[in-house]
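The values are calculated or read from the model by the stated rules, or taken from the named source; none is laboratory data. Here the structure is a predicted model, which means the values were calculated and not measured. Here the Cβ positions follow ideal geometry from the backbone for every residue, glycine too, while neighbour counts run over all protein chains shown.
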Amino acid sequence: MAHCRGLARVGLASAIAVASALASPVAAAQEPAPLVVYYAPQTAAPGVRDARDAIERAATSRGTAVVDLSAPAPLPPAAPAALRRAIESYHGFSYTQALAEIDAALAEAAVTGARGLRPVELSDLFIYRALALTAQGDTASAWDDFARAAAIDSTRTLDPARFSPGVLSSFQRAAAAAAAGERTRLSVDVDAACSVFVDARSHRPREELSVARGAHFVRVECPGAQEYGARIVADSAEQALRPALVAIEAPGDARVLEEARARGASSVLYARVSLGRSGQPSLATRRLAVATGKERARVVVGLERGGGQRVQKAIARMIDDVVAPRLDLRAAPPPERRWFEKPWLWGAVGVAVTAAVLLPFALDGGSEQGGFDVDVEGLP
């Protein structure tokens, strides 16, 4: 009898397994993990960095790759290092070398709006240029550079430990002339979400500034646009600068599908960061079928300014939602089964088999203690 009960348990387990497997939907063949194509505009927002990291981890866990088509970041500014070399050359009596380093730094500042330079460093470029010219006997050109340094910041007080009394006197005269001279009411007309820098100092968009007549450096950073930088000349009583901003265009579906085809992928996950007018980033993730280019799923999540674990968890959930096979089943429902392929039929057969196996033992074991209940899940 014990042997028969053992056979009953084996038969029961087999029946439950068969019934459960046949009663559940037939699993579709799993597609390979989709290629992931990522894009973000030029931004270093913490939430965007966290999103990129979360996408990288999700792709790695699924054995697929990430193709990053993000807008390239600007090259690191070389002007600060050039200024340091120029100062060393000046104190080493290499005045020609000092002038070459300063001219290179000023040329870069003219196209970047002095990116990477602090206000004191921007002023130092002109002061040390004046010193090197003075050492070479060109005092007239040296005075022009003192005047340019004063136009950038006429309120600066030079450190007597760094500069000689003659330099202090020359700069003070230039600063007094700049303060007493004509001024320009300068404004930079850009969207409120932009960041504005004039002579390496931060200002609000459309803020009216009083600047000395002469050359100034302007830099503008706007969401979704290339960084703007220029050297301008303030030469009128009122001047409104309207920078010609160049939009950063995200890759279209055609480019994304081209990347996927080149890697032999059957589907692609396009994760694209975009910035709203307020500068708040969001991430839209779409799954595209490479053969047809049709969208099969889409999820959008906002990226918090602070980033952190909350953003990373939201990204992980989003990736699961887009990649999940259940979305594929919804998009392409399986064909109608014939009557003998219906899972409820074979589920009923499984139950009948189970009952047939258990009935003799139920009749035989009525006077004994013990026994167990059977619960077959997934049956209609």
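Among the residues of region 110-122, just one is small (Gly, Ala, Ser) and closer than 15 Å to Arg84 by Cβ, namely Gly116.
Residues considered: Asp189, Asp235. Of these, the only one that is of a type in the set (Asp, Glu) and in contact with a Pro (Cβ under 9 Å, 6 or more places away or on another chain) is Asp189.
Here Ala284 meets the list (1) touching a residue at least 24 places away in the same chain (Cβ under 8 Å); (2) surrounded by fewer than 19 Cβ atoms within 10 Å (Cβ to Cβ); (3) not β-branched (Val, Ile, Thr) almost entirely, failing just condition (1). For region 115-131, the criterion of being in contact (Cβ under 8 Å) with a residue 24 or more places away in the chain, part of a helix (DSSP H, G or I) and within 21 Å of the chain's Cα centre (by Cα) is met by none of the residues. Residue count for region 136-175, restricted to those that are within 10 Å of Ser123 (Cβ to Cβ) and among the aromatic types (Phe, Trp, Tyr): 1.
Residues that are free of Cβ contacts under 8 Å to residues at least 12 places away in the same chain and under 21 Å from Leu117 (Cα atoms) within region 150-192 comprise Thr157, Asp159, Arg162, listed in sequence order. Exactly one residue out of Val301, Val290 is out of contact with any Cys (no Cβ under 9 Å at 6 or more places or on another chain) and either modelled with pLDDT of 90 or more or among the aromatic types (Phe, Trp, Tyr) (or both), and it is Val290.
Taking region 193-217, which residues are in contact (Cβ under 8 Å) with a residue 60 or more places away in the chain and in contact with a Lys or Arg (Cβ under 8 Å, 6 or more places away or on another chain)? Matches in region 193-217: Ala193, Phe197, Ala200, Val211, Ala212, Arg213, Gly214, Ala215, His216, Phe217.
Kindly provide the set of residues from region 54-106 that are of a type in the set (Gly, Ala, Ser), modelled with pLDDT of 90 or more, under 24 Å from Tyr228 (Cα atoms) and surrounded by fewer than 18 Cβ atoms within 10 Å (Cβ to Cβ), ordered by number.
If the condition is that a residue be of a type in the set (Gly, Ala, Ser), modelled with pLDDT of 90 or more, under 24 Å from Tyr228 (Cα atoms) and surrounded by fewer than 18 Cβ atoms within 10 Å (Cβ to Cβ), then Ala78, Ala81, Ala104 are the ones that fit.
Does region 258-272 contain at least one residue that is at pLDDT below 90, in contact with a strand residue (DSSP E or B) (Cβ under 7 Å, 6 or more places away or on another chain) and β-branched (Val, Ile, Thr)? The answer is no; no qualifying residue exists.
Restricting attention to region 14-44, which residues are small (Gly, Ala, Ser), modelled with pLDDT of 50 or more and crowded, with 21+ Cβ neighbours inside 10 Å? Once the filter is applied, which keeps residues that are small (Gly, Ala, Ser), modelled with pLDDT of 50 or more and crowded, with 21+ Cβ neighbours inside 10 Å, region 14-44 yields only Ala40.
Given the structure, is Ala147 in contact (Cβ under 8 Å) with a residue 24 or more places away in the chain, closer than 27 Å to Pro76 by Cα and part of a helix (DSSP H, G or I)? In short, no.
Find the residue count for region 245-295, including only residues that are in a loop (DSSP other than H, G, I, E, B), among the hydroxyl-bearing types (Ser, Thr, Tyr) and under 17 Å from Val48 (Cα atoms).
1
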